[in-house]
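Peer 1: I have a structure here, written as structure tokens, and I will follow up with some questions on it.
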Amino acid sequence: MYFFNSLNRSKALFEPITPETVGLYCCGPTVYNYAHLGNLRTYIFEDILVRTLREAGYKTNHVMNITDVGHLQSDADDGEDKMALAAEREQRSPWEIARYYEDIFFEDCKSLNIARPDVVCRATEHISQIIEFVNRLVQCGVTYESEGNIYYDTTCFTHYHELRGGPVDHSAALSRVENDQGKRLGADFVLWFSKSKFPRQIMKWESPWGIGFPGWHIECSAMASTYLGSRIDIHCGGIDHIPIHHTNEIAQSEACFGHRWVNTWMHGAFLILDKGKMSKSSDNFITIQTLREEGFKPLHYRYLCLGAHYRSELHFSWDALDGAKRGLENLYNRVLALRHASPIKKTVRSVVELADHYRYVFWTALADDLNAPVALSTLWAVIKDGDLDSSTKLSLVGEFDRILGFGLMEAQPPILSEDRMALITARNQARAQGDWALADEIRKQLADQGVMVKDTRTGTEWYVTDIL
RNA sequence: GGCGCGGUGGCAGAGUGGUGAUGCAGCGGACUGCAAAUCCGCGUACGGCGGUUCGAUUCCGCCCCGUGCCUCCA
């Protein structure tokens with residue numbers, strides 16, 4: 001398998017540290033608000049990654065953090081604690097806020113058929129590990145204390161710009177955020193805040209440096225090493241984490257361990273709206289709930305996402321989502337039709353070879369840096385191939401869907417209510433009597449309810465448009 | 001201002017130095033009482049201008065446009 005590694009910006013053959021198991025860490029949500037579709041796109045990408053690894057025969061140790069410590073708008077003094085803000089806004093404690101949004105997050109994931117990570121770890125439940133990690137960094141001599149906070153001194157780490165690909169000029173006058181006066185260098189970052197800048201700071205803990213709370217980047221390093229050790233196969237996240245968060249994670253972890261920390265860094269690209277990327281701090285904010293209100297199902301969105309490569313920006317529009325919806329509904333109806341078809345499986349050589357060909361194409365696509373669009377197109381090719389019998393098609397669909405995750409094999413044939421059934425019967429009587437006007441009227445009624453009828457030689461069949 | 005990424009048919013979006021995926025939408029035909037579904041077929045798509053090449057959408061340069069990052073961000 002080949003994955004694109006953000007570290008050197010090229011694809012490389014993936015080889016896990018230990019032969020059978022892959023340890024991967026994925027940056028999870030900051031739970032002070034609902035996840036939006038852009039966030040969720042990244043988790044869909046990671047889900048495809050995990051499923052692909054498992055299908056390839058690896059055991060996975062998939063770890064995801066929950067950032068339930070309010071982290072700062074910035075390191076500047078006027079930064080805001082998002083968790084505290086949400087707590088104030090909603091008149092609930094930060095812990096209640098965090099748990100509420102965490103629950104919704106995993107419900108959203110479930111509705112998207114995103115497998116739950118093997119380990120989900122909350123920052124607030126790993127404060128001691130975080131403190132221990134900071135402590136080791138202090139002992140390594142890569143930190144300094146200033147204005148009550150512990151900072152990481154980025155000049156101590158020679159590879160600091162490796163992931164980001166080059167230094168950033170923090171003196172730029174156009175920077176949106178004021179510089180933190182406690183920093184020696186713009187790139188330095190806080191490991192532990194012991195002098196809370198917030199008058200009503202609620203989440204705080206004792207530490208060797210005073211009562212306070214951890215910086216954002218440190219939680220990932222601390223928890224990742226807790227569950228995966230000091231060497232990690234794959235670390236994922238959104239592309240926006242490259243320049244700051246992941247760069248800082250590397251600095252902390254490699255300073256602490258003294259060796260390469262993560263072998264492969266994988267980053268998902270943004271979901272783009274007409275007005276730019278979707279983001280929590282703007283009105284470009286669409287959630288799973290919004291989606292439902294607009295008449296879509298979460299899986300429609302999954303289908304949309306898998307039509308694009310994870311490293312390409314995806315242009316979201318309701319139009320595009322509608323196309324995905326129709327595509328997935330068609331897929332469901334196709335698969336349902338396959339189940340009703342003759343179960344006789346052809347075992348002639350040509351069919352077996354053809355099936356293997358599709359398996360090869362499908363797998364090769366995924367093994368080439370998770371090319372889901374090609375994998376998806378292969379699924380369609382299978383369904384439409386006239387040389388394959390339905391039984392063979394069905395087993396291929398089942399295999400492919402283990403990775404694509406649309407739940408195609410679990411799709412339940414829709415059940416028609418009695419009155420709708422009666423309508424169909426009535427229509428057939430009208431047809432038998434040649435009363436086309438009445439028959440068409442009934443057909444229209446059914447269509448309005450999402451029930452489409454088709455008259456075949458063997459009788460009238462029906463299907464529903466919204467099968468999901 | 002600095003750095004990065006991208007511009008593919010109506011929409012979304014793969015991919016490739018030479019027969020231009022796939023899905024949705026659209027068109028034509030078969031089928032049908034008419035439809036629908038299905039099947040068969042269809043679209044002079046690769047931002048612009050140059051360069052390299054036998055040949056470029058694919059490589060290079062410039063331009064235009066869009067977008068991302070520059071310490072909240074998936």
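Each value in this text was obtained by applying a stated rule to the coordinates, not by laboratory testing. These numbers come from a predicted model, not from an experiment. Note that each Cβ is placed from the backbone with ideal geometry, even for glycine, and that neighbours are counted across all protein chains shown.
Peer 1: Work out from phi, with θ = phi - 60° and the Karplus expression 6.51 cos²θ - 1.76 cosθ + 1.60, the ³J(HN,Hα) of each residue of segment A:347-358, listed in order in whole Hz, and give x for Gly and Pro.
Peer 2: Computed from phi, the couplings for segment A:347-358 are 10, 4, 4, 4, 5, 4, 5, 5, 4, 5, 4, 5 Hz.
Peer 1: Using label points projected 7 Å from each Cα along Cα→Cβ, tell me how many nm separate A:Val120 and A:Lys195, to one decimal.
Peer 2: 3.8
Peer 1: Give me the number: length gained by fully extending A:Ser395 to A:Gln433, i.e. 0.36 nm times residue separation minus the C-alpha to C-alpha distance, one decimal in nm. Before the final figure, lay out each step's value.
Peer 2: Working: separation 38, 0.36 × 38 = 13.68 nm, distance 4.32 nm.
Length gained between A:Ser395 and A:Gln433: 9.4 nm.
Peer 1: Taking other Cβ within 10 Å of each residue's Cβ, how do A:Trp205, A:Trp192, A:Trp216, A:Trp363 sort, fewest first? Provide the component values of the computation, followed by the final result.
Peer 2: On the way: A:Trp205 15, A:Trp192 27, A:Trp216 22, A:Trp363 19.
Arranged by neighbour count, lowest to highest, A:Trp205, A:Trp192, A:Trp216, A:Trp363 become A:Trp205, A:Trp363, A:Trp216, A:Trp192.
Peer 1: Please give me, ordered by residue number, the trypsin sites (Lys or Arg not before Pro) of segment A:438-468 that lie in loop per DSSP and have at most 14 other Cβ atoms within 10 Å. Kindly include the intermediate steps, with their values, before the conclusion.
Peer 2: On the way: sites: A:Arg443, A:Lys444, A:Lys454, A:Arg457; in loops: A:Arg457.
Filter output for segment A:438-468: A:Arg457.
Peer 1: Mind sorting A:Phe157, A:Phe316, A:Phe257, A:Phe45 by how few other Cβ atoms lie within 10 Å of their own Cβ, fewest first?
Peer 2: Neighbour counts put them in this order, fewest first: A:Phe257, A:Phe157, A:Phe316, A:Phe45.
Peer 1: So how do A:Asp108, A:Asp118 line up by other beta-carbon neighbours within 10 Å, fewest first?
Peer 2: By the 10 Å Cβ count, ascending, the order reads A:Asp118, A:Asp108.
Peer 1: For a label point 7 angstrom out from the Cα of A:Glu353 toward its Cβ, which stretches of segment A:372-387 have the backbone nitrogen within less than 16 Å?
Peer 2: The answer is A:387.
Peer 1: Mind giving me the FRET efficiency for A:Arg457 and A:Thr425? R0 is 30 Å, r the Cβ-Cβ distance, nearest 0.05 is fine.
Peer 2: With R0 = 30 Å, the Cβ-Cβ based efficiency is 0.95.
Peer 1: Another question, if that's okay. State the extension gain, in nm to one decimal, for the chain segment bounded by A:Asp448 and A:Thr155, taking 0.36 nm per residue of separation less the distance between their alpha-carbons.
Peer 2: 98.8 nm
Peer 1: Let me ask another. Suppose each label sits 7 Å from its Cα in the direction of the beta carbon; what would the A:Arg311-A:Arg292 distance come out to in nanometres?
Peer 2: Reported label-point gap for A:Arg311 and A:Arg292 is 3.6 nm.
Peer 1: Per DSSP H run of at least 4 residues, take -39500 (n - 2.57); add these up for chain A, divide by its residues and hand me the 222 nm value, nearest 500 deg cm²/dmol.
Peer 2: -13500 deg cm²/dmol
Peer 1: Could I ask something else about it? Nearest 0.05, what FRET efficiency do A:His259 and A:Asp368 give at R0 = 41 Å with Cβ-Cβ as r? Could you put the intermediate results ahead of the total?
Peer 2: Values: r = 29 Å, r/R0 = 0.72.
My answer for the efficiency is 0.90.
Peer 1: Of the listed pairs A:Lys277/A:Lys325; A:Lys183/A:Lys204; A:Lys277/A:Lys393, which have alpha-carbon separations greater than 30 Å here?
Peer 2: Table pairs above 30 Å Cα-Cα are A:Lys277/A:Lys393.
Peer 1: Still on this structure, please answer the following. Please give the contour-minus-distance gain from A:Glu55 to A:Asp319: 0.36 nm per residue of separation, less the Cα-Cα distance, rounded to one decimal in nm.
Peer 2: Length gained, A:Glu55 through A:Asp319: 91.7 nm.
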